[in-house]
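Taking it in order: structure first as structure tokens, then the write-up.
Only the coordinates and a few stated rules stand behind these numbers; no lab work does. Computed from a prediction, not measured in an experiment: that's the story for all the values here. Positions of Cβ are backbone-derived with ideal geometry, glycine not excepted, and every protein chain shown enters the neighbour counts.
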Amino acid sequence: FECLWLSTDFSIGFDLLSSEYNVLGGFSDPEYFLKSKDCALESLRINPNEIEAQQSLSANLLFYDWDFRSAKNMLQKAIRLSPKHPELRRTYGFYFLIMGNKHSAIYEHELATKYDPYNPILVNGLGLMKYFNEQLDEAREEFFRALEIDPKFRPAHEKLGWTYALEENWEKAITHFQLYHEMTGKEDHGLTGLGYVYGMTGNHDKAYNILEKLSIRKWKNKEV
């Protein structure tokens, strides 16, 4: 995608870059939101009606700048232009979640999965909204559905682990947290859930071992 920078008048290219950085900001490092914002603004400079750029910029305003009013205004404007855009609906759902309106958050994510039913990110998002609304059984259905679409979609395993942990079903929680950790492919990633379960079940040696790994990771990378 970086090669698209070569075409300074190619708004769709900036849209693609902005979307990619947007995903990385949400799942990897929030600093990617800054790159997403730059690309979105460049795309909107070329074409003020680019929906993808508006979606990326609204996500940036919401998750990085915490400018909720501006994010809402941009989302509403974009949705009027493209009411069936799944990513717009998903981002609007997160806006409602942050504002404490969980039912509207679920509704927007239901629309997102309606318009793009085989996207594991959207399906996982719907499960997350139900998780925050304490609908654990319904949330698990969505997380398992995301894994049916993509068996390697590791965020679903992490969320499944937390649904079981909240019910003190430690065995199933450990199973999914271990899968999540293994799928990261790194010794010091994806350990928080496991550490929590080990601590809650009195397995203190394993819990402290995880805390040590996380402390070393943070010492090496103070941005973590």
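Would you please put 148-158, 86-96, 198-208, 124-134 in order of how densely packed they are, using the mean number of other Cβ atoms within 10 angstrom per residue and starting with the highest? Display every interim value, and only then the final one.
Working: 148-158: 17.8, 86-96: 24.5, 198-208: 13.9, 124-134: 21.6.
Ranking, from highest mean packing down: 86-96, 124-134, 148-158, 198-208.
Return a whole-number percent for the relative contact order of region 106-206, with Cα pairs under 8 Å and 6 or more residues apart as the contact set. Show your work: numbers first, answer last.
Numbers: 116 pairs, mean separation 17.5, N = 101.
RCO, region 106-206: 17 percent.
What does the C-alpha gyration tensor say about the overall shape of region 133-224? Classify as rounded when a/c is under 1.5, otherwise prolate if a/b is larger than b/c, or oblate. Display every interim value, and only then the final one.
Values: a/c = 2.29, a/b = 1.43, b/c = 1.60.
Because a/c hits 1.5 or more and a/b fails to exceed b/c, region 133-224 counts as oblate.
Treating the beta-carbon of each Lys and Arg as +1 and of each Asp and Glu as -1, no other charges, what is the dipole magnitude of region 78-138 about its Cα centre, to the nearest 20 debye?
Details: 7 positive and 7 negative charges, 56 e Å.
For region 78-138, the charge dipole is close to 260 debye.
For region 124-170, what relative contact order do you get, as a whole percent, if you take Cα pairs closer than 8 Å and at least 6 residues apart? Write out the running numbers ahead of the final one.
Working: 36 pairs, mean separation 15.5, N = 47.
Relative contact order of region 124-170: 33 percent.
Note the full-extension length gain between Lys213 and His103 as 0.36 nm times their separation in residues minus their Cα-Cα distance, in nm to one decimal.
Additional length available on full extension: 35.8 nm.
To the nearest 0.05, what FRET efficiency results for Glu31 and Ile149 with a Förster distance of 35 Å applied to their C-beta separation? Each step should come with its number before you reach the end.
On the way: r = 29 Å, r/R0 = 0.82.
Efficiency, rounded to the nearest 0.05: 0.75.
Starting from the Cα of Trp66, step 7 Å along the direction of its Cβ; do the same at Glu110; then give the gap between the two resulting points in nm.
It works out to 3.2 nm between the two label points.
Residue by residue, what Karplus-based ³J(HN,Hα) values in Hz, rounded to whole numbers, does region 163-179 have, using 6.51, -1.76 and 1.60 with θ = phi - 60° and x for Gly and Pro?
4, 6, 5, 5, 9, 6, 8, 5, 4, 5, 4, 4, 4, 6, 5, 5, 4
Under the rule a/c < 1.5 gives rounded, and otherwise a/b versus b/c splits prolate from oblate, where does region 50-202 land using the Cα gyration tensor?
Values: a/c = 2.03, a/b = 1.95, b/c = 1.04.
Because a/c hits 1.5 or more and a/b exceeds b/c, region 50-202 counts as prolate.
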